[in-house]
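Below you'll find the structure, written out as structure tokens, and then a few comments.
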Amino acid sequence: MADYDNRLARGATTGVAAVDAGLRTYMLRVYNYMLVGLGLTGAVAWLTAETPLSQIFYNQVQTTNGVMLQPNILGYIAMFAPLAMVLFLSFRIQKMSFAAAQMTFWAYAAVMGVSLAMILFIYTGTSIAMTFFVTAATFGAMSLWGYTTNRDLTGMGSFLFMGLIGLVLASLANLFFHSTQLQFVVSVLGVLIFTGLTAYDSQSIKNMYFVGDNGELMGKKAIMGALRLYLDFINLFLFLLRFMGNRR
């Protein structure tokens, strides 16, 4: 009887270890996708800004303050294409193959680099680098907390989603009002919301691991998880840049 109980205990321990190992592998896959996507975005942004590619997407405009770059038609397409690609991937990934979903994610990250090239003309390289490291530290801390905490963050996620809707509406309103005060409030809320979403999404992605074990399904869930964390990182970086960025 004692030997039977020991076999049960060993079996339970082995099962937990297998789940933990599988979960670590899955989360590592998510973070690797996200990091490679960020690297691809950064590389494309640098190439667009530092090579003749900038002439394809931006026109030079002479102003009283000097020469400025303004997006042309292709530039505006590059700016709005990432939103369309995110919506496409979110609604179509269930019907896409894993390879197609993966290629769409890489294409999205590359196009995002083109749209973000403008910040390299606006802000100094030192302030961009400093903001990136602050963003990475904040993101890493919040993602680790979201992954390890036993607290259910579902309620916080619902609250943050409502805040995100308000953030979008306030940003659209400020396109017409051009209010400095409203812009400051939007920037503060943006930092807070995407800091919280980093923790919430990390926990949510972790919980997604336990739903379904099909190989291709797990691959597509890893891509969607990477996309969510990628968006949290990019938006947190852009909102922090409004505070920390030094203009040229």
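Within segment 77-111, the only residue that satisfies the criterion of being over 16 Å from GLY225 (Cα atoms) and charged (D, E, K, R) is LYS95.
Taking the listed residues ALA107, ALA81, the one that is under 17 Å from the mean Cα position of the chain (by Cα), buried (at least 16 other Cβ atoms within 10 Å of the Cβ) and in a helix (DSSP H, G or I) is ALA81, with no other qualifying.
If you go through segment 147-167 and keep only what is closer than 18 Å to ILE234 by Cα and in contact (Cβ under 8 Å) with a residue 24 or more places away in the chain, you end up with LEU160, GLY163, LEU164, LEU167.
Filtering segment 121-146 to residues that are over 27 Å from ALA199 (Cα atoms) and either in contact with a Phe, Trp or Tyr (Cβ under 7 Å, 6 or more places away or on another chain) or hydroxyl-bearing (Ser, Thr, Tyr) (or both) leaves TYR123, THR124, THR126. Considered as a group, the residues in segment 36-76 that are at pLDDT below 90 and of a type in the set (Val, Ile, Thr) include one that is farthest from the chain's Cα centre (by Cα), and that residue is THR64. Considering ARG248, ARG242, the condition of being surrounded by fewer than 20 Cβ atoms within 10 Å (Cβ to Cβ) and either farther than 20 Å from ILE128 by Cβ or at pLDDT 90 or above (or both) is satisfied by ARG242 alone.
The combined condition, being touching a helix residue (DSSP H, G or I) at 6+ places or on another chain (Cβ under 9 Å), modelled with pLDDT of 90 or more and under 16 Å from ARG228 (Cβ atoms), is not fulfilled by VAL114. When restricted to residues that are over 21 Å from ALA109 (Cα atoms) and of a type outside the set (Asp, Glu), segment 202-248 contains 19.
Scanning segment 177-209 for residues that are aromatic (Phe, Trp, Tyr) and touching a residue at least 12 places away in the same chain (Cβ under 8 Å) turns up PHE194, TYR200, TYR209. Any residue in segment 223-243 that is more than 15 Å from MET85 (Cα to Cα) sitting within a Cβ distance under 6 Å of a residue that is surrounded by fewer than 19 Cβ atoms within 10 Å (Cβ to Cβ) and among the hydroxyl-bearing types (Ser, Thr, Tyr)? List the pairs, counting only those 6 or more apart or interchain. Matching pairs, first to second residue: PHE239/SER187; ARG242/SER187.
The residues in segment 203-239 that are farther than 30 Å from ALA129 by Cα, charged (D, E, K, R) and in a helix (DSSP H, G or I) can be counted, and the count is 3. All of (1) in a helix (DSSP H, G or I); (2) more than 16 Å from the chain's Cα centre (by Cα); (3) more than 16 Å from PHE239 (Cα to Cα) hold for ALA129 with one exception: (3). Condition first: out of contact with any helix residue (DSSP H, G or I) (no Cβ under 9 Å at 6 or more places or on another chain), among the small types (Gly, Ala, Ser) and under 30 Å from ASP20 (Cα atoms). Can you find one or more residues in segment 150-157 that meet it? So far as segment 150-157 goes, yes, one or more of its residues are out of contact with any helix residue (DSSP H, G or I) (no Cβ under 9 Å at 6 or more places or on another chain), among the small types (Gly, Ala, Ser) and under 30 Å from ASP20 (Cα atoms). Here segment 194-228 is the region considered, the condition is being within 13 Å of the chain's Cα centre (by Cα), under 16 Å from GLN102 (Cβ atoms) and among the aliphatic types (A, V, I, L, M), and the residue that is surrounded by the fewest Cβ atoms within 10 Å (Cβ to Cβ) is MET224.
Within 22 Å of TYR108 (Cβ to Cβ), part of a helix (DSSP H, G or I) and aliphatic (A, V, I, L, M): which single residue out of LEU182, LEU169, LEU175, LEU197 fits that description?
Result of the check over LEU182, LEU169, LEU175, LEU197: LEU197.
The values are calculated or read from the model by the stated rules, or taken from the named source; none is laboratory data. What you are looking at is a predicted structure, and each value in this text was computed from that prediction instead of being measured. Here the Cβ is made from the backbone with ideal geometry for all residues, glycine too, and neighbour counts use every protein chain on show.
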